[in-house]
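Written below as structure tokens is the structure these notes are about.
The values are calculated or read from the model by the stated rules, or taken from the named source; none is laboratory data. Values in this document were obtained by computation on a predicted structure and should not be read as measured data. FYI the Cβ positions are ideal-geometry reconstructions off the backbone, even for glycines, and counts take in every protein chain you see. The accessibility values were calculated without ligands, DNA or RNA, using every heavy atom of the protein model including side chains. Shrake-Rupley method; radii C 1.70, N 1.55, O 1.52, S 1.80 Å.
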Amino acid sequence: MSQETQSYKAELVGVFGCPVAENPTVVMMEAAFQARGLNWRYLTIEVRPEDLAEAMAGLRAFNMRGIGLTIPHKVSVIQYLDRLSPEAELMGAVNAVVREGDALVGHNTDGQGFLRSVRDDAGVDPRGKRIVFLGAGGAARAMTVEMALAGVEHITVVNRSPGRGQDLARLLQEKTPVQAEFTHWQGEYAVPSGTDILVNATSIGLYPDVDEVPPVALSSIGPDLLVCDVLPNPPYTAFLSAAEAQDARILDGLGMLVHQGAVGFQMWTGVEAPIDVMRQALERVFTA
Ligand code: NDP
């Protein structure tokens with residue numbers, strides 16, 4: 001008789017959100033578990049805001065290995081955690097929880113996903129670079145903090161609402177080594193010369209308004225600029241198309257989504273993520 005004991009218990013992770021039914025992360029994660037031969041399951045769970053406390057207690061009771069958080073739980077989840085990573089602490093938002101023994105530890109992988117995509121997909125080392133971010137919402141906050149910690153020299157936050165933009169620029173100045181400034185976005189924004197990377201971190205162009213582009217003077221975009229978009233679906237946005245027509249290099253938001261999923265996969269399982277498998281799984285979802 002075989003000495004090996006068969007375990008019929010899968011390890012559980014997933015995502016809490018509301019609404020969450022259209023979140024395709026499960027496809028990418030299940031493909032990755034399969035590719036690595038792991039008996040893990042990723043559950044897409046609708047949790048209403050008023051039920052988050054019980055959901056977090058359930059997570060502990062089910063001995064789940066972790067959970068992802070999406071709208072509207074990224075900030076409110078913090079009160080149920082035992083500690084935060086330094087980055088999540090700075091950003092004030094958590095999108096991935098990892099169980100370490102009995103402790104639940106909050107992380108934020110959005111910014112790391114962007115950083116890895118810039119390095120691995122675009123082949124650009126952000127150290128010493130000058131970056132302009134359009135937008136100052138949750139995504140911009142995570143991305144700017146991570147880029148600042150990665151050694152970017154200068155960040156300009158360009159935002160329609162001055163309050164949010166000023167708060168983010170101040171956070172970067174006070175809590176990270178980067179030089180940061182705020183520019184109020186009124187009319188067409190002209191990208192300053194000497195800028196290395198321009199990022200659309202707004203929701204302009206989000207489905208179904210896929211023809212909308214952020215108001216940026218196209219004449220200020222040229223071949224020396226890497227232009228990035230956060231929107232993953234469809235990845236080739238109207239903004240990236242316009243930037244490419246100006247001979248700029250471009251980086252889409254699909255890479256960021258894949259890499260932030262890969263960071264989560266690695267934190268949960270301790271196994272290297274199969275990036276290509278994950279990217280192909282998402283591409284199939286977005287082109288279906
Ligand atoms: P938020 O709602 O927190 O922030 C939205 C930002 O967009 C704000 O800065 C807002 O400006 C700006 N904005 C929206 N509409 C306009 C407009 N018409 N003109 C000027 N500015 C505008 O959203 P998030 O930061 O959470 O998400 C932003 C985008 O990033 C989403 O589309 C999301 O899908 C994407 N995302 C992609 C990820 C990926 O992995 N690829 C990961 C996370 C997010 P104001 O402050 O003035 O309102």
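Counting only protein heavy atoms and using a 1.4 Å probe, the accessible area of Phe62 comes to about 140 Å². Of the residues Ala140, Ser193, Gln246, the one whose Cα sits farthest towards the positive end of the charge dipole of region 111-251 is Ala140 (charges of +1 on Lys and Arg Cβ, -1 on Asp and Glu Cβ, taken about the Cα centre).
Given a 1.4 Å probe and the protein chains as shown, Leu206 ends up with an accessible area of around 90 Å².
Take each uninterrupted DSSP H stretch in the chain, measure its Cα extent along the helix axis, and return the ones at 20 Å or beyond whose mean Kyte-Doolittle hydropathy is at least 0.0. Helices passing the filter in the chain: 253-269.
Here's how it looks for Trp185: its modeled amide H is under 5 Å from those of Asn159, Arg160, which are all 5 or more places away or on a different chain.
Please work out the Cα center distance from region 232-288 to region 1-55, rounded to the nearest Å. The two parts, judged by their Cα centres, are 21 Å apart. Taking a straight Cα-Cα cut-off under 23 Å and skipping sequence neighbours fewer than 8 places away in the same chain, the lysines within cross-link reach of Lys129 are Lys175.
Each principal axis of the Cα cloud of the chain was taken in turn, and the coordinate range along them, longest first, works out to 73, 37, 34 Å. Start at zero, step by 10 Å, and the Cα-Cα distances of region 54-123 spread as 20, 48, 24, 7, 0 percent across the bins.
Please label the shape of region 101-161 as rounded, prolate or oblate, based on the square roots a ≥ b ≥ c of the eigenvalues of the alpha-carbon gyration tensor (a/c under 1.5 means rounded; beyond that, a/b larger than b/c means prolate, else oblate). In terms of gyration-tensor shape, oblate.
At a 1.4 Å probe radius, which order do Cys228, Cys18 fall into by accessible area, largest first?
Working: Cys228 0, Cys18 35 Å².
Largest to smallest exposure gives the sequence Cys18, Cys228.
Our summary gives region 111-251 a relative contact order of 21 percent, counting only alpha carbon pairs under 8 angstrom and 6 or more residues apart.
Probe radius 1.4 Å, ligands and nucleic acids left out: which of Tyr207, Tyr42 has the largest accessible area, and how do the rest follow?
Of Tyr207, Tyr42, the descending order of accessible area is Tyr207, Tyr42.
The charge dipole of region 111-251, taken about the Cα centre with unit charges on the Cβ atoms of Lys, Arg (+1) and Asp, Glu (-1), comes to about 480 debye, rounded to the nearest 20.
Distances between placed amide hydrogens fall under 5 Å for Ala96 paired with Leu69, His107, Thr109, all partners being 5 or more residues away or on another chain. Note: relative contact order over the chain, using C-alpha pairs below 8 Å and six or more positions apart, is 16 percent.
P(r) for region 127-192: what percent of alpha-carbon pairs falls in each 10 Å bin, starting at zero? Pairs per bin, as whole percents: 25, 59, 16, 0.
The Asp224 and Gln266 beta-carbon pair, evaluated with R₀ = 35 Å, returns a calculated FRET efficiency of approximately 0.55. Which shape class applies to region 111-251: rounded if a/c is under 1.5, otherwise prolate when a/b exceeds b/c and oblate if not, where a ≥ b ≥ c are the square roots of the Cα gyration tensor eigenvalues? Rounded shape, in that the Cα axes give a/c under 1.5.
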